[in-house]
Amino acid sequence: MKNNKQNRRSFLKSSALAGGGLMLSFNWFSEAKATEALAELNLPKEWSELTGYIKIGTDNSIKIFCPNPEFGQNVMTSLPMMVAEELEVAWEDVEVEMGPHDNLKLGPQFTGGSNSVRMYWKPLRAAGASARQMLVEAAAQTWNVPADQIKVKEGVLSHSNGKSAKYGEFASKAATLPVPNDAKTKEVKDFNIISKSKKNVEGTKVVTGKPLFGMDYRVDGMLTTMIQHPPAFGMKLKSFDSSQTLKMPGIKDVFSFKLYDDDFVQGGFDTRTFNELIAIVGNSTWEVMNARKALKVQWEAAGEVKETMNGRGGQREVTIPARLESTSIQHDLMAEYANKPARELRKDGDPETAFKNAAQVLERTYNAPFLAHNCMEPMNFFAHVEADKALVAGPIQAPAWMEPTLSKLLKIPPEKIEIQMTRMGGGFGRRAYAQYAYEAALISQKVKAPVKLIYSREDDMTYGIYRPMYTATYRAALDANKNLIGFHVKGGGIPESPIHANRFPAGAVDNYLAESWEIPSNVTIGAFRAPRSNFNAAAEQSFLDELAELMGKDPIAMRLEMLKRAKENPVGENNDYDAERYAGVLELVKEKSNWTTAKDGKYSRGVAAYFCHNSYAAHVVDMVSKDGQPYVEQVFSAVDCGVVINPDAATNMVQGAVVDGIGQSFYGALTHNNGVPEQSNFDTYRMIRHNEAPKKIEVHFVQNEVDPTGLGEPPFPPVFGAVANALYKNTGKRHYNQPFLSEMENI
């Protein structure tokens, strides 16, 4: 991604290991100049390390480290596959481990934004190719033959003179050689591992219950802790009486603490909802849970709060309102703001005149509630903070972002903080916000002992950091011949707007206007699988379907017609999608679903397509009525995410997005009454159940040689729109408010 600013020689540095062998180290932050090699690693003599990702043993066993945290998207398999491909080794000979937290050596180590494969596509392959070339050169010098005459296959070097050797035999020799700046990576057509399905390297461990997750983490002498936070957004701690709690079995301490000091400047992912909390510390989870019930706590209104934030736009002061919010009031506020002048994001042509002269105008408003992430593994973290160092371990999506904040809170230098990453039982963006890790560390520091912080499901669901509450109004202007002459989208939310300025259909309509607004709130929000897009796709794709019907056109044909315009004669220069690739997924899903020929009447069919996170996805949903309720029986999916690393895992990812999207569109909602979340566990927060999942989800990928783009998020947003459009065919009524089944019950 930065070839214009640095070359591979500044990106990779080699050094010899004391025990023999080669360490080829990464520097992710170098620019035009070479940097010092990383400090020598304390490795057993039988291992040689090549790059931050590869170790080769004398028996030719090969260990590849995965740099990014794993929460089910299968990066523990797909990222090492890229290294193994260029290293030219047999996948069966590879052992994969989760790498340690090390920003310098292993890069950003961020799992989120559908960026893992995209971010590491070139660096990991460069690492494997450079290591392979250095091993080849070492063999060439030893055998006194030209390097280009040496063949490499499955970790074995060979020459036509009959000589051959395994990689492990040449690691020490390779350490004396300069790092090549011209190591050539393979062409797509030559891949032997990439694009071939490989089983999840941790699959057996997961299904047999091996201790991989944060909840499994244990050390001798560890205490258990839970926190008590205010029952409502907009409230804070006034006082508490812990006298009865401290008398209960196994309880060691009860105290209040502040997460951030009053003058603390928050980073972009330092979001937290409640700053002063009560910690209950004891021997076991059960004892702590029971003791917490005996606490007597008084809460009071928090009032208006001002905080200093440091994000993409620089440092700014944010005012958090004092009100205790209710869902009905939130809806009223959004309706009020929707009728006020808004911030213009994009304007093409003369949309005002287009609507004034229109023969017909279609206008629809769409609404969606707050959503809780509801990871199957609730928030938890281990911490052992000592006077001059700290060890923390648990499920986290962005270890590099939490390290500087931990350092400030604990007043311990970053180099004295060790972060261990466990497998995550789901993330969806929630675990990018590490306030629960900070809580664990501060509690450990206070009690001077190792502690495990555990959130109950109720703690987790009522804490905040939700998907925002959104609304958007779409308008389309048609002339007398039902041609689309104007398009207007105006949207906002609590507390952020969902509107993207340059997404489709921007670029396909001469007269286009996008506007945005937002309402401040004390209900905290965070990234939620395909942020903003998960609402936009639902609203936009539902509207386009209704517009196609009004224009008398097939919904796929109309979208393809608009994309053809955007490709051949685009309006504006900032359209953030590739119209040809966008059309490609629609064409593919049209073909695979037999869209034009499947007219037997068994299914109510809905289609939707969307672009986000650099990838394109389209779905055709086939719905039936089952026991008087709509049921999605089968789904056809088409995705263009560039080169697919691991087809089986990619298919699983799309299928998971489909099931998640169906469930969220039908059932997902979190509401409030005077600041109190009205849902706190799965008895009131409805999730999709096994018998409600489709019987069949058929996934197809566009075959091309485009560098890999995102996959964890792009298939998710268009599911909402496809479900809404199928639901219309099933019930004869359009649905504008999520969750759809709640709206149906209120009709």
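Odds and ends about this structure:
- Some residue of the stretch 557-573 being in a loop (DSSP other than H, G, I, E, B), in contact with a strand residue (DSSP E or B) (Cβ under 8 Å, 6 or more places away or on another chain) and open to solvent by less than 10 Å² (accessible area, probe 1.4 Å): no
- Candidates GLU573, GLU540, GLU568: the one that is modelled with pLDDT of 95 or more and more than 23 Å from GLU713 (Cβ to Cβ) is GLU568.
- Taking the numbered list (1) part of a helix (DSSP H, G or I); (2) among the hydrophobic types (A, V, I, L, M, F, W, C); (3) touching a helix residue (DSSP H, G or I) at 6+ places or on another chain (Cβ under 6 Å) in turn, ALA171 passes all entries but (3).
- In the stretch 637-672, residue nearest to ASN737 (Cα to Cα) [restricted to those that are assigned to a strand (DSSP E or B) and touching a Leu at 6+ places or on another chain (Cβ under 9 Å)]: LEU670
- Qualifying residues in the stretch 325-352 (those that are over 28 Å from the mean Cα position of the chain (by Cα) and hydrophobic (A, V, I, L, M, F, W, C)) - the one nearest to PRO495 (Cα to Cα): LEU333
- Of the criteria (1) in contact with a strand residue (DSSP E or B) (Cβ under 6 Å, 6 or more places away or on another chain); (2) assigned to a loop (DSSP other than H, G, I, E, B), which one GLY209 fails: (1)
- Scanning the stretch 97-123 for residues that are of a type outside the set (Val, Ile, Thr), touching a Lys or Arg at 6+ places or on another chain (Cβ under 9 Å) and open to solvent by less than 40 Å² (accessible area, probe 1.4 Å) turns up GLY99, GLY112.
- Residue in the stretch 266-274 that is in contact with a Ser or Thr (Cβ under 8 Å, 6 or more places away or on another chain) and either open to solvent by 40 Å² or more (accessible area, probe 1.4 Å) or of a type in the set (A, V, I, L, M) (or both) present: no
- ASN161 falls short of the stated requirement of being within 20 Å of ILE54 (Cα to Cα), in contact with a helix residue (DSSP H, G or I) (Cβ under 8 Å, 6 or more places away or on another chain) and either of a type outside the set (Phe, Trp, Tyr) or not in a helix (DSSP H, G or I) (or both).
- When GLU713, GLU743 are checked against the criterion of being in a helix (DSSP H, G or I), open to solvent by 10 Å² or more (accessible area, probe 1.4 Å) and either closer than 30 Å to ILE499 by Cβ or β-branched (Val, Ile, Thr) (or both), GLU743 stands alone in meeting it.
- Any chance GLY209 is open to solvent by less than 80 Å² (accessible area, probe 1.4 Å) and free of Cβ contacts under 8 Å to residues at least 60 places away in the same chain: yes
- Residue in the stretch 149-159 that is open to solvent by less than 60 Å² (accessible area, probe 1.4 Å) and touching a Gly at 6+ places or on another chain (Cβ under 9 Å) present: yes
- Residue in the stretch 475-487 that is open to solvent by less than 10 Å² (accessible area, probe 1.4 Å), modelled with pLDDT of 95 or more, of a type in the set (Lys, Arg) and not in a strand (DSSP E or B) present: no
- Test: residue in the stretch 456-468 that is in a loop (DSSP other than H, G, I, E, B), open to solvent by 10 Å² or more (accessible area, probe 1.4 Å), in contact (Cβ under 8 Å) with a residue 40 or more places away in the chain and not hydrophobic (A, V, I, L, M, F, W, C): yes
- Residues of the stretch 190-206 that turn out to be touching a residue at least 40 places away in the same chain (Cβ under 8 Å) and open to solvent by 80 Å² or more (accessible area, probe 1.4 Å), as a count: 3
- Taking the stretch 177-189 as the range and being loosely packed, with under 13 Cβ neighbours inside 10 Å and part of a loop (DSSP other than H, G, I, E, B) as the test, the residues that pass are PRO178, ASN181, ASP182, LYS184, GLU187.
- Conditions (1) more than 30 Å from GLU591 (Cα to Cα); (2) without any contact (Cβ under 8 Å) to a residue 40 or more places away in the chain; (3) not β-branched (Val, Ile, Thr); number of the one not met by ALA557: (1)
The values are calculated or read from the model by the stated rules, or taken from the named source; none is laboratory data. From a predicted model like this one, the values you see are computed outputs, not experimental measurements. Neighbour counts are summed over all protein chains in view; Cβ atoms, including those assigned to glycine, are modelled from backbone coordinates with ideal geometry. Keep in mind that these areas ignore ligands, DNA and RNA; they rest on the heavy atoms of the full protein, side chains included. Shrake-Rupley method; radii C 1.70, N 1.55, O 1.52, S 1.80 Å.
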